[in-house]
Amino acid sequence: MKSNARTLYMIPYVLWILLFVIAPILLVLYYSFFNIEGEFSFVNYEKFFTPVYLNMTLSSFWYAFLITFFSLIVAYPAAYLLTKTKHKQLWLLLIILPSWINLLLKAYAFLGIFGTYGPINAFLDVLGIGSKQILFTDFSFVFVSVYIFIPFMILPIFNALEKLNPSLVDAAHDLGASSWTTFRRVVFPLTIDGVKAGCQAVFIPSLSLFMITRLIAGNRVITLGTAIEQHFLVTQDWGMGSMIAVFLIIAMVLTMIVTGNRKRGMKIEKKW
């Protein structure tokens with residue numbers, strides 16, 4: 001009886017996976033084998049391994065790495081401080097709240113903030129530095145991307161820190177470990193799963209950014225996500241766009257495997 005009920009409950013889940021996960025992936029894979037004339041061909045795969053697309057791939061991974069790195073540098077101390085504050089849930093809500101706002105609205109807000117007559121340049125004028133070209137630069141692209149993705153880095157790290165047994169930190173101090181050694185040998189290793197989850201949540205979508213590259217970077221930053229948009233909406237080369245999407249799917253799966261959680265024994269060191 002329980003087995004039948006479990007099977008019945010699984011039907012909606014299986015249908016959802018088949019219709020909205022597996023079917024779209026198979027459709028993208030199917031289209032990747034057709035050239036712009038609609039003929040079956042491997043030309044898209046051959047074209048991808050040319051210098052143009054390989055440089056674009058390296059650029060995408062480099063910017064995704066930068067976005068993930070700076071998000072982690074900001075998010076870990078922020079998450080740690082949140083665990084020590086009095087109204088931590090309220091502060092966490094205020095950090096997550098901007099992620100509920102439409103991405104396009106946030107991008108247009110930064111167009112005004114970083115613009116020639118925006119508040120940042122006005123502040124630079126007051127300091128006597130003068131107006132600078134902030135928009136349409138690598139800095140503006142990475143800064144806005146980090147701002148958008150940082151809540152997804154803070155949340156898993158915060159949860160990992162909240163689950164950390166404080167008696168382990170006290171024990172490390174009692175055994176003579178400094179604050180830095182305690183963080184390096186106890187706190188960080190025990191929260192590494194939260195760091196991995198945050199890196200996944202930031203790195204994977206960063207690989208396929210396209211709206212921010214157009215609005216904030218002014219197409220100075222060309223990523224694989226931008227190439228997919230161009231092939232589907234401008235050149236109408238759906239086959240090449242699908243091929244790049246297939247590569248991104250493979251890259252995302254490999255990223256999840258590499259950064260996935262593994263069961264491992266805990267090594268206890270007697271000396272710090």
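Overview of values
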| read-out | value |
| --- | --- |
| Within the chain, longest stretch free of exposed trypsin sites (Lys or Arg not before Pro) [DSSP loop, at most 15 other beta carbons within 10 Å] | 133-219 |
| Kyte-Doolittle mean at least 1.6 and Cα axial length at least 20 Å: DSSP H helices in the chain | 238-258 |
| Alpha-carbon Debye profile of the stretch 27-165, log10 I(q)/I(0) at 0.13, 0.19, 0.21 Å⁻¹ | -0.83, -1.11, -1.18 |
| Candidate residues Val169, Val221, Val52: accessible-area rank, largest first, probe 1.4 Å | Val52, Val169, Val221 |
| Cα centroid of the stretch 228-260 to Cα centroid of the stretch 153-180, whole Å | 39 |
| C-alpha center-to-center spacing [the stretch 189-224, the stretch 62-91] in angstrom | 15 |
| Cβ-Cβ FRET estimate between Tyr9 and Thr116, R0 fixed at 41 Å, reported to 0.05 | 0.10 |
| Estimated FRET transfer efficiency when R0 is 51 angstrom, pair Thr85-Ile22 (beta carbons, to 0.05) | 0.70 |
| Debye, to nearest 20: dipole size of the chain, +1 on Lys, Arg Cβ, -1 on Asp, Glu Cβ | 1220 |
| Whole-percent carbon and sulfur share, accessible surface of the stretch 50-140, 1.4 Å | 76 |
| R0 of 45 Å, Cβ-Cβ distance Trp62-Ala109: FRET efficiency to nearest 0.05 | 0.95 |
| Surface accessible to a 1.4 Å probe, per residue, for the residues of the stretch 148-188, Å² | 54 |
| Percent of Cα-Cα distances greater than 25 Å, calculated over the chain | 61 |
| Computed helical MRE - 222 nm, the chain, DSSP H runs ≥ 4 contributing -39500 (n - 2.57), nearest 500 | -21500 deg cm²/dmol |
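The values are calculated or read from the model by the stated rules, or taken from the named source; none is laboratory data. Since we're looking at a predicted model, the values are computed, not measured. Counting neighbours? That spans all protein chains shown, and the Cβs are built from the backbone with ideal geometry, glycine included. Surface accessibility is based on the protein's heavy atoms, side chains included, excluding ligands, DNA and RNA. Shrake-Rupley method; radii C 1.70, N 1.55, O 1.52, S 1.80 Å.
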